[in-house]
Amino acid sequence: MTMIGRRSLLTFAGLGGASLALPGTPAYAAPAPAPTVTPVAAPPATAPSSAAPIDLPAPTVRRTVGTVSLHLVDEHRQDPFAPTPAPRELMVQLWYPARAAAGRPRAPYTTARVAAALDQGTFLDPGTIARLRPTARLGAPALPGALPLLLLGHGRKGGRSNCTALAEELAARGYLVAALDHTYDATAVEFPDGRLVRSVLEDEPADWDATERKEIAARAADLRFVATELTTGRALRRHAGLPCADPRRIGVFGHSMGGAAAAEAIRQDRRFTAGLNLDGGFFGSPVADEGVDRPFLLFTTLEDHETWQRWREHQRGWGRQLLQHDSGHLSVTDLPYAVGPGHLAENTSPETALRLTGTIAPARAVELARAYVLAHFDRFLHGRPSPLLDAPSPRYPEISFVWSRG
């Protein structure tokens, strides 16, 4: 098998290509934090008036999905990346099954300023990311009752909207999905008071090991904080119509570095029942050499990696490694829908575009990710066994079983 180096996994980790850093633009120094919880109705991202929307695939079940963004502040933790001491601030987007969509507009993919930052970092034509159009309705009232919670982390220098099509499907299937912007890691994070905080991560740090440990520690702490906020009701009790999270059913997953952070969060926190890693190396934590004692699915598009080999040797709980063929590192994100309209291959090179998204059709890549992620969390949060996790399926010949335990 072809071995992929550490540098490749991290360089192509976010929504963008070779780099999502925006040279010459300093991160905004955060002033004193806002109130601990602020519901946010983000201004829509704007595209040129002549440009047609790029519709992301709707959920496969006929159920309204609502979405809302929250501004959360961890008053008990100092931000390890902030240029001046300040509590850790996060933007979190929720997707959830809703009662009705009447009077609720379709949600924007992200804000205009974040979309512009993503365009710049991904070498897409200006206005491309703003053209992406989700299905979810902004602020639609949630269905009553406690929902199983899925925490979702983005890749290095990515953003919380990166896997919107996947998140909407999971919400339509009855989950509360909470995607985090890891501040100072994400390409750009826009807060309710207008601050735009850009990534401060180095593309080529002098000490990768120390850098990864710091980044993964911050991400895992973010995931644990958001789980507490949502399951205790602290983040939601003042806002009627928002969903309630079930503290007994929590899963955690992520793309690239988000997948590595999901594994570390499970290692640290017994509240997390099951986890899933979408094509991320197990960097920045002991997981590769210790495994975890709860169910964990590794869903890869790269042939193999030394951290995956080590994890297979040490995983203690139920585990699978599945390989999706004909794909790139970002095939499980929404980026493939923007590559053609945004002329990525012309703005960089066909080889770079191929490495990012492979040859698989975007709709098929979304279908595969939705099927296997849903099967995994249905099995371990709902107790619904699925043959998809037991053996290769003729419905999905693109998926090979690399390794199984349990």
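For this structure, a couple of remarks:
- Charge dipole (debye, nearest 20) of segment 95-249; +1 at Cβ of Lys and Arg, -1 at Cβ of Asp and Glu: 980 debye
- Under-5 Å amide H pairs with Leu151, H placed in peptide plane, nonlocal only: Ala178, Gly251, Val252, Phe253
- An oblate overall shape is assigned to segment 123-162, the ratio a/c of its alpha-carbon gyration tensor axes (a ≥ b ≥ c) being 1.5 or greater and a/b not exceeding b/c.
- The charge dipole of the chain, taken about its Cα centre with unit charges on the Cβ of Lys, Arg, Asp and Glu (plus for the first two, minus for the last two), comes to roughly 1600 debye.
- Among Ser393, Ser199, Ser331, the largest mean-square fluctuation in a Gaussian network model of the chain (Cα springs under 10 Å) belongs to Ser393.
- Taking amide H as placed 1.01 Å from N in the peptide plane, Arg137 has its amide H under 5 Å from the amide H of Val65, Gly66, Thr67, Ala107, each at least 5 places away in sequence or on another chain.
- Arg316-Gln268 pseudo-label distance in nm [points 7 Å out on the Cα-to-Cβ vector]: 1.8 nm
- In terms of its alpha-carbon gyration tensor, segment 199-311 comes out prolate; a/c meets the 1.5 threshold, and the first ratio a/b outweighs b/c.
- Listed residues Tyr109, His376, Gly145: farthest to the positive end of the dipole of the chain (Cβ charges): Gly145
- Taking the Cα centre of segment 154-225 as origin and assigning +1 to Lys and Arg Cβ atoms and -1 to Asp and Glu Cβ atoms, the resulting dipole is close to 280 debye.
- The distance linking segment 325-374 with segment 91-149 is 20 Å (Cα centroid to Cα centroid, whole angstrom).
- Helices in the chain, meaning DSSP H runs of at least 4 residues, each add -39500 (n - 2.57). Divided by all residues, the mean residue ellipticity at 222 nm is -8500 deg cm²/dmol.
- Shape category assigned to the chain from the gyration tensor of Cα positions, a/c cut at 1.5: rounded
- Neighbourhood charge, 14 Å Cβ-Cβ cut-off, centred on Leu196 and excluding it, Lys, Arg +1 and Asp, Glu -1: -1
- Extension gain, Lys214 back to Ala363 (0.36 nm per residue minus Cα-Cα distance, nm): 50.1 nm
- For Gly342, net neighbour charge (Lys/Arg +1, Asp/Glu -1) across residues whose Cβ lies under 11 Å away: -2
- Phi angles of segment 81-87 translate, via the Karplus equation with coefficients 6.51, -1.76, 1.60 and θ = phi - 60°, into HN-Hα couplings of 10, 5, x, 10, x, 6, x Hz per residue; Gly and Pro are given as x.
- In Hz, Karplus ³J(HN,Hα) per residue of segment 198-206 (6.51, -1.76, 1.60; θ = phi - 60°; x = Gly, Pro): 9, 4, 10, 6, 6, 6, 9, x, 5
- Between Arg405 and Glu202, full extension at 0.36 nm per residue minus the direct alpha carbon distance yields a gain of 69.4 nm.
- With the simple model of a label 7 Å out from the Cα in the direction of the Cβ, His76 to Arg113 spans 3.1 nm.
- Between Ala261, Val292, Val226, the Cα set farthest toward the positive side of the dipole of segment 217-298 (charges on each charged residue's Cβ, about the Cα centre) is that of Val226.
- Calculated from backbone phi, Karplus (6.51, -1.76, 1.60) coupling profile of segment 287-292 in Hz, x at Gly/Pro: 4, 4, 9, 10, x, 10
- Cβ-Cβ FRET estimate between Arg195 and Asp390, R0 fixed at 51 Å, reported to 0.05: 0.60
- Cα-Cα separations in segment 255-406 greater than 27 Å, expressed as whole percent: 23 percent
Each value in this text was obtained by applying a stated rule to the coordinates, not by laboratory testing. Source: prediction; values computed, not measured. Because the Cβ atoms are built from the backbone with ideal geometry, glycine has one as well, and the counts that use them run over all protein chains shown.
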